[in-house]
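Reading through the structure tokens given below for one structure.
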Amino acid sequence: MAAKSIATTVLKPFGQISSGLTLALGALIWALVVGLWILLSYGGLVPTIFLPPPGKVVTTAVSLIGDGTLLQHTIASLEVVLIGFAVSSMVAVPLGLFMGTYPAIKAFLDPLVNFIRYLPVTSFVPLLILWVGIGLEQRVSVVIIGIFFQQLVMVADAARSVPRDLVNAAYTLGTRRFETLWHIVFPATLPNIIDVLRVTIGWAWTYLVVAELVAARSGLGYISLKAMRGFQVDVIFLAIAVIGLLGLTTDYAFLLLRRYVTPWAR
């Protein structure tokens with residue numbers, strides 16, 4: 001009877017499930033992935049040069065944590081992502097609000113923004129190396145180019161979706177036109193803005209690897225490339241796992257931020 005009740009709850013479109021069931025389902029998917037990994041590696045179905053066993057990855061992690069290598073490269077990657085994401089967001093969010101609120105600004109910026117946002121980020125890497133060198137600035141620039149124009153368009157779309165009745169009601173209550181953006185549009189779009197930031201910080205981690213695979217001397221992408229040259233697949237798996245964990249951490253941070261900053265939008 002209990003199993004039937006759980007099945008009914010799970011299969012109900014847009015139904016609510018308990019926190020316990022949420023945790024159980026989340027644990028199940030990881031158990032299946034790790035179980036498959038164990039089967040393929042320890043079972044000899046895939047050569048270890050292509051798929052290292054979990055034990056080897058754990059041993060490598062302990063070794064790199066012990067000598068400080070993993071922490072050093074993790075901090076280097078965090079620095080790139082957080083600086084690039086912060087700079088991009090501080091410009092893209094207010095500019096996107098202006099674009100979404102004022103059609104003239106949208107008409108002026110749209111042709112350029114829509115052109116650049118379809119260009120592959122990797123095509124900018126040689127130019128950035130020529131313009132700013134191969135240091136931190138180059139890697140940060142790759143992250144900024146990768147997410148800025150996407151943030152701009154997504155925030156502008158969120159601003160355009162604000163109900164006009166809400167704006168007209170604010171005018172009726174005495175709000176002046178130049179106050180509309182920050183007193184009406186910004187609060188109304190704040191939940192969507194946080195969602196945009198949550199999505200694009202995930203893209204920032206993706207572009208981090210692009211930035212660190214070329215002309216870098218530190219970072220998780222750098223040690224992945226270095227490990228590839230030496231066929232150290234366990235190090236590559238470890239770097240991927242660390243990036244995934246860092247990305248998951250930032251994702252949950254924005255989930256909590258949305259929950260507590262905009263409780264009305266749950």
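Summary table below
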quantity	calculated
Residue 261 paired with residue 117, simple spin-label distance in nm, labels 7 Å along Cα-to-beta-carbon	2.0 nm
Column: log10 I(q)/I(0), Debye, Cα scatterers of the chain, q = 0.08, 0.09, 0.11 Å⁻¹	-0.47, -0.59, -0.83
Charged-residue dipole, Cβ positions (Lys, Arg, Asp, Glu), the chain about Cα centre, Debye nearest 20	480 debye
Net +/- balance of residues flanking residue 251 in space, Cβ distance below 14 Å, scoring K and R +1, D and E -1	+2
Exposure proxy ranking, count of Cβ atoms within 10 Å, fewest first, for 154, 228, 90	90, 228, 154
Residue among 124, 85, 148 with the largest mean-square fluctuation in a Gaussian network model of the chain, springs linking Cα atoms under 10 Å	124
Label-point separation, residue 229 to residue 56 (7 Å along Cα→Cβ), nm	2.1 nm
Label point distance in nm, residue 18-residue 249, each placed 7 Å from Cα along Cα→Cβ	3.2 nm
Potential extension, residue 105-residue 240 segment - 0.36 nm per residue separation minus Cα distance	44.5 nm
Rel. contact order, % - alpha carbon contacts under 8 angstrom, at least six apart, the chain	23 percent
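No lab work stands behind these numbers, since they all come straight from the coordinates. Predicted model, so just to flag it, every value in this text is computed and none were measured. Every residue, glycine among them, receives a Cβ derived from its backbone with ideal geometry; neighbour counts consider all protein chains shown.
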